Structure formats: structure tokens, C-alpha cells
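Participant: Once you've had a glance at the structure underneath, I'll fire off some questions.
The values are calculated or read from the model by the stated rules, or taken from the named source; none is laboratory data. A quick note: this is a predicted structure, and the numbers were derived from the prediction, not measured. In this analysis, Cβ positions are derived from the backbone assuming ideal geometry, glycine residues included, and neighbour counts consider all displayed protein chains.
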Amino acid sequence: MAARKLQFVTLTFALTFVVVTLMVAATGAGSASHPGSRVPMASTPDSGAVTPAQRGGSSELPQARPDAVVVVPSFADIAERANPAVVNITATEIVRSGDKKRFEGHAPFEFFFPNPDGRPKGEPDNSDPERQDHGGSGFVISDDGYILTNYHVIEDADRVNIRLLSDNHDYVAKVVGADPDTDLAIVKIDADHKLPTIPLGDSDRMRVGDWVLAIGNPLAYEHTVTVGVVSAKGRKLYAMNRDTSLDNFIQTDAAINRGNSGGPLLNARGEAIGINAAITVSAQGISFAIPINMAKDIMSQLMSKGKVERGFLGVEIRDIDRDLDAEKREYFRLTGKKGAFVELVRPGLPADRAGLRRGDAITTVDGKPLNSSDDLIRMISAKAPGQKVSLGIVRDGKEQTLNAELMDRSSGALNAKLESEGSPEEPEAPVKTLDKNLGLVLHELSPEIRREYRIPTEIDGVVIVHVATTSQAWEKGLREGDVINEVNRKSVEGMDSFRAVTRDMKVGSLVNLYVVGQGASRFVTLRVEEE
């Protein structure tokens, strides 16, 4: 009996061992044919998106796992194709005796070649003209020799030399056209053969995080290739002391330095999607390129006319969504609206002649809806002077249409500057304080006050002489020296008219002020609070 029991136990153990062995073998075979522990990932060159790699002979895609390997694509083929079309530009300027030096120190965009006589910069021999060389990059956009670059690369140049990667001599280029507003220029060389070109892509399709490649001549190191990603889009460069209304820069962390200006920013297909233009000298990995779609819009004008003519309305605007607070949108009945809010209409210019008023909101141009104030600037600037446009506006909550005939943006009447003037002596007016608790102390516009705050005589209203820092007025940007010109769309000529308009304001109601400030005019909407 005991022997039979032992025989049964032994047989059971043997069968169990065989089953386990077969299961382990099957698992090992499956792992060898389908290694699922680490699924390789391949980056698609078209969009920079990451997609799983396919198994051979199967249309089914394996599922990515948390520990999947991301493979960065090689840009060697792209650089090899594009490099022959990237050029080195040397711009020579002759500085005459007595002329002010064009550059003081290092400009943020450009590099300098050493002086041949070794004389330190800033110490010219004033008896002779001085040669000043600076440079940058560019790239060929047509095989007959047209080259796209930055305006600041060739600005004020008396001679422009172009060097190609494959040639052993320099070409003298002719400046065909330039546009300082967008920092773009076209130059042309005459070669005895067709030149390699770089195809133009679509910068609007680029997404933040997409791979990009920059080629240029930083610090005279020719044909340097750097790689990064699109860090942001739609940047404006406010620190450059220039008009930023047309700015729409691509920000990238691809290394760009002095001398890269004018070179191409390429996508993963080898297409130019930007023109490298600016760097932030106080930081690393923050550089900017002009979108190629902006260049496409103006290249034909530069090549045919040598300059760009842009339409102009003559308004100062703000973005409804981004720049208007909730109270202002409520007061002007713009809740849920998108477009451009008009803060100022310059007298005698197209917007004024069309009947546009400050406080209007422009929501469409020729029937096309606006998402932002930048859309209005781009649509109007893309049209020719003299062209008529239909503006869809919202005024006091009601929609209507106005027609305007555009003028040239480059006209000298675009930037009106206020200058203070003297006026006959008047007795000093006493300080007045706003009855409701808006945190403002106001003063009549006496001659002394006008001189102190440099307020022209043609501006009427009451001046703010103090703003409580704990008030909503302070939070919304009202400051000492601002002039309140209107209250609730009614003109204010002095303290008497101001009190007449504000006398019956109730706690909780909205009060809309039109404020003429230092260099800017705007609406400010406040809610009346308890004293």
C-alpha cells in the first residue's frame, strides 16, 4: 500500500515538471519572435511627431510601452542638401571722416571682422575714410541668383559680397529690395550656372516642439549647423525699440549667434520655415526667426518694386480677448467677441474718414472674422494702399459695416507726437477729489499743471494727481499725469463737467474713462465701490 502511494506521488511530480518546462519553452519562443519589452520608436521627418515602428510584414502597429526608446533622426542628409544654397554675406560700409560710427560695441545681430591695420575699434583715423565690414548669412531662393537675407545684414552697405560653399571666388551682389519693417531683404548675384536652392515650407504648420535646423555663419565660422526645436510662436520683440505691430517671430532653442542672421531655419523635410534674425544676448537657447510665410507675402513686392507698400487705417487697437478686462468688455457689450478694440482714431486718416470711432470693436475684414488684433494688422498690411476694405464693427452692442480706403503705412502722418505748449496765465484751481471711492485725486488743467505734466493745450479734461496704490484704478494702470478726457462717452472739459457726469453714479455701476496718457490713449472701465 505504501509502495503504491509512493509511485503515485512520483508520477504526479514528473507530470508537473514536464508541464512547467513546456510552458517556459513556449514563453521563451514568443519573446524571441516578438520582443515586446522595449518597443523602438521612430521619429517621422514630416512633422517631428513620434510614431511606433512597424513590425516587418505586418500592417499592425505594436503598442508603445512606458519604457519605449525614442530615436532622434539624423539631420545629416538635410544639412548636406541645404548647405550649398546657404551663402556667406560680407557687407562693407565706408565711414567718412566726421560721420557717426554706425555701431558702438557689438550689435545684437551681427559680427565684425578684425580691422586689417589692427587699430582698436572706436579709434578711427579721422583724416581718412574708414572701411567697416560686417556680415551675416542668406540663402538662395531661385536658381537665377536671388538670395533672401535680413535687412540689418546689408543695411547702409556700400558693397555686398556673396560667397557660396562650392565656389572659390566672391560675387558682388546687387540689393534688389529691402523692408526695414520686417527686417527682410533680397539681393541678387549673376552666376554662369544655375544655383542650388532651398525650398520654402509652410511656417503656419510648424508646432511648438517640432524639430528645426539652423545653418549660417556665426562669428565667421562658415556653414555651421545647429539643431533644436520650435520653442514658441508669435513672439514680439519689445526690447528692440522699434515698431512691433508686424512681429510674429518663431522662437527656437537651435543655437544662433552673430553672423547667423539671414540664414535659414529648416524643418525636418529640409524646407525653409524661417529666416534667423535675432538673439537674446543675456540668455542661451532663446533665438528668433521670421516666419517664411511672412517673407512669401512680401518677396514678390521686393523683387518687382524694391520696397513693400502696406495698407494702413490709422488706429490704435487692443486685443478684445487678451487686453480688455471683464468690466470693459461688459461696458462695451463685447462679451464673447473676438477682434480688435479701437482705443484711438487718428484724425484725417482712413479710419476717421470711414466713420470709425474710439470704443468701436472691429470683428471682420471683408467678411473674414478676426481672432485677435494681430489678425487685423496682418490683413490690412497685406492690402495695397488705395484698396477699399469692408470693416465689420460692433458699436454699443450693435453690428454694422463701414467702408475704408487704405493709405500707405509709410506715410509721414502715421506717428503724431504730442508737444506741450504754453498758454495764458490762469488762476490756480483747487485740487478736487472724486466723490466715489475710485482711489483718484483729480486737478483742473491749469497752466502750471500743464507745464508740470507736459500736457498740450489741445487736450481737455482733468488730470490725475494721485492714485491710491490699493485701488482698482491703480491695478488697471491709471497713473499720475494721466488726463481723463471722457466719462461714459461724454466729453470732460474740467472739474465742473466731470462732476456733472459722475454725480449720479451708483455703487456697483460701471464708469468708463477715456484716458490720455504718456504716449498712449485708452479706455479704462472701473466699477464704483462704496466709500
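Participant: List the number of the failed condition for ASP144; all other conditions in (1) at pLDDT 90 or above; (2) closer than 21 Å to ILE273 by Cβ hold.
Facilitator: Of (1) at pLDDT 90 or above; (2) closer than 21 Å to ILE273 by Cβ, only one is false for ASP144: (2).
Participant: Okay, moving on. Restricting attention to segment 132-170, which residues are farther than 18 Å from LEU195 by Cα and among the aromatic types (Phe, Trp, Tyr)?
Facilitator: TYR151
Participant: Now for a separate question. Quick one: in segment 499-531, of everything that is touching a residue at least 60 places away in the same chain (Cβ under 8 Å) and part of a helix (DSSP H, G or I), which residue is surrounded by the most Cβ atoms within 10 Å (Cβ to Cβ)?
Facilitator: So the residue we want is THR502.
Participant: Exactly one condition in (1) surrounded by 16 or more Cβ atoms within 10 Å (Cβ to Cβ); (2) at pLDDT 85 or above; (3) touching a Ser or Thr at 6+ places or on another chain (Cβ under 6 Å); (4) not assigned by TED's automatic domain parsing to the domain that holds LEU324 is false for GLY392; which is it?
Facilitator: Here GLY392 meets the rest and fails (4).
Participant: Right, something else. Does ALA268 count as in contact (Cβ under 8 Å) with a residue 40 or more places away in the chain and in contact with a strand residue (DSSP E or B) (Cβ under 9 Å, 6 or more places away or on another chain)? Outline the logic, then answer.
Facilitator: Working: in contact (Cβ under 8 Å) with a residue 40 or more places away in the chain: yes; in contact with a strand residue (DSSP E or B) (Cβ under 9 Å, 6 or more places away or on another chain): yes.
The answer is yes for ALA268.
Participant: Something else about it: Quick one: in segment 60-93, of everything that is at pLDDT 75 or above and part of a loop (DSSP other than H, G, I, E, B), which residue is nearest to the chain's Cα centre (by Cα)? Step through it out loud before you land on a result.
Facilitator: So in segment 60-93, the residues at pLDDT 75 or above come out as 74-93.
Cutting the leftovers down to part of a loop (DSSP other than H, G, I, E, B) gives us 74-75.
Numbers: SER74: 29, PHE75: 27 Å.
Result: PHE75.
Participant: Tally the residues that are touching a helix residue (DSSP H, G or I) at 6+ places or on another chain (Cβ under 9 Å) and assigned to a strand (DSSP E or B), restricting the search to segment 194-226.
Facilitator: Here the count works out to 6.
Participant: May I pose another question? Could you check VAL172 against (1) more than 18 Å from ALA79 (Cα to Cα); (2) within 27 Å of the chain's Cα centre (by Cα); (3) part of a strand (DSSP E or B); (4) without any contact (Cβ under 8 Å) to a residue 60 or more places away in the chain and say which number it fails?
Facilitator: Checking VAL172 against (1) more than 18 Å from ALA79 (Cα to Cα); (2) within 27 Å of the chain's Cα centre (by Cα); (3) part of a strand (DSSP E or B); (4) without any contact (Cβ under 8 Å) to a residue 60 or more places away in the chain, the one that fails is (2).
Participant: Kindly provide the set of residues from segment 309-351 that are touching a residue at least 24 places away in the same chain (Cβ under 8 Å), on the phi > 0 side of the Ramachandran plot and under 26 Å from the mean Cα position of the chain (by Cα), ordered by number.
Facilitator: If we filter segment 309-351 for residues that are touching a residue at least 24 places away in the same chain (Cβ under 8 Å), which is where we start, we get 309-323, 325, 327-328, 330-334, 337-346, 348-351.
With the extra rule that they be on the phi > 0 side of the Ramachandran plot, the set shrinks to 314, 333, 339, 348.
Correct list: GLY314, GLY339.
Participant: Could you tell me which of the residues ARG269, ARG322 is basic (Lys, Arg) and either in the same structural domain as SER231 (by TED's automatic domain parsing) or at pLDDT 90 or above (or both)? Working first, answer last.
Facilitator: Details: ARG322 fails: either in the same structural domain as SER231 (by TED's automatic domain parsing) or at pLDDT 90 or above (or both).
That would be ARG269, the only listed residue that is basic (Lys, Arg) and either in the same structural domain as SER231 (by TED's automatic domain parsing) or at pLDDT 90 or above (or both).
Participant: Can you confirm whether segment 238-248 contains a residue that is over 23 Å from ALA76 (Cα atoms), touching a helix residue (DSSP H, G or I) at 6+ places or on another chain (Cβ under 7 Å) and part of a strand (DSSP E or B)?
Facilitator: No - not one qualifying residue is present in segment 238-248.
Participant: Only residues that are surrounded by fewer than 17 Cβ atoms within 10 Å (Cβ to Cβ) and over 23 Å from VAL528 (Cα atoms): list them for segment 323-337, please. Write out each step before concluding.
Facilitator: Pass one, segment 323-337, residues surrounded by fewer than 17 Cβ atoms within 10 Å (Cβ to Cβ): 323, 325-326, 330, 333, 335-336.
GLY336 - this is the single residue of segment 323-337 that is surrounded by fewer than 17 Cβ atoms within 10 Å (Cβ to Cβ) and over 23 Å from VAL528 (Cα atoms).
Participant: Can you tell me which residue is surrounded by the fewest Cβ atoms within 10 Å (Cβ to Cβ) among those in segment 477-496 that are in contact with a Gly (Cβ under 6 Å, 6 or more places away or on another chain) and in a strand (DSSP E or B)? Walk me through how you get there before you give the answer.
Facilitator: From segment 477-496, those in contact with a Gly (Cβ under 6 Å, 6 or more places away or on another chain) are 482-485, 492; that's our starting set.
From what's left, in a strand (DSSP E or B): 483-485.
Values: VAL483: 24, ILE484: 21, ASN485: 17.
Per the criteria, the residue is ASN485.
Participant: Of the residues ALA232, ALA220, only one is touching a residue at least 60 places away in the same chain (Cβ under 8 Å) and either under 13 Å from ALA79 (Cβ atoms) or not assigned by TED's automatic domain parsing to the domain that holds PRO180 (or both); which?
Facilitator: Details: ALA232 fails: touching a residue at least 60 places away in the same chain (Cβ under 8 Å).
Of ALA232, ALA220, the one residue that is touching a residue at least 60 places away in the same chain (Cβ under 8 Å) and either under 13 Å from ALA79 (Cβ atoms) or not assigned by TED's automatic domain parsing to the domain that holds PRO180 (or both) is ALA220.
Participant: Does segment 302-322 contain at least one residue that is polar (S, T, N, Q) and surrounded by 17 or more Cβ atoms within 10 Å (Cβ to Cβ)?
Facilitator: Keep residues of segment 302-322 that are polar (S, T, N, Q), which gives 304.
When the remaining residues are screened for being surrounded by 17 or more Cβ atoms within 10 Å (Cβ to Cβ), the result is none.
No, there is no match, as no residue in segment 302-322 is polar (S, T, N, Q) and surrounded by 17 or more Cβ atoms within 10 Å (Cβ to Cβ).
Participant: Testing ALA283 on (1) at pLDDT below 90; (2) farther than 30 Å from GLY477 by Cβ, one condition comes back false. Which one is that?
Facilitator: (2)
Participant: Same structure, new question: Is it true that some residue in segment 437-455 is hydrophobic (A, V, I, L, M, F, W, C) and either within 18 Å of LEU344 (Cβ to Cβ) or out of contact with any strand residue (DSSP E or B) (no Cβ under 9 Å at 6 or more places or on another chain) (or both)?
Facilitator: Initially, segment 437-455 is screened for residues hydrophobic (A, V, I, L, M, F, W, C), giving 438, 440-442, 445, 449, 455.
Subset that is either within 18 Å of LEU344 (Cβ to Cβ) or out of contact with any strand residue (DSSP E or B) (no Cβ under 9 Å at 6 or more places or on another chain) (or both): 455.
Yes: segment 437-455 contains one or more residues that are hydrophobic (A, V, I, L, M, F, W, C) and either within 18 Å of LEU344 (Cβ to Cβ) or out of contact with any strand residue (DSSP E or B) (no Cβ under 9 Å at 6 or more places or on another chain) (or both).
Participant: Further, regarding this structure: Does ASP190 qualify as being of a type in the set (D, E, K, R), under 24 Å from the mean Cα position of the chain (by Cα) and either surrounded by fewer than 17 Cβ atoms within 10 Å (Cβ to Cβ) or not in a strand (DSSP E or B) (or both)? Reasoning before the result, please.
Facilitator: On the way: of a type in the set (D, E, K, R): yes; under 24 Å from the mean Cα position of the chain (by Cα): no; either surrounded by fewer than 17 Cβ atoms within 10 Å (Cβ to Cβ) or not in a strand (DSSP E or B) (or both): yes.
Here the answer is no, as ASP190 does not meet what is asked.
Participant: Among the numbered criteria (1) in a loop (DSSP other than H, G, I, E, B); (2) buried (at least 17 other Cβ atoms within 10 Å of the Cβ), which one does GLN284 miss?
Facilitator: Answer for GLN284: the failing condition is (2).
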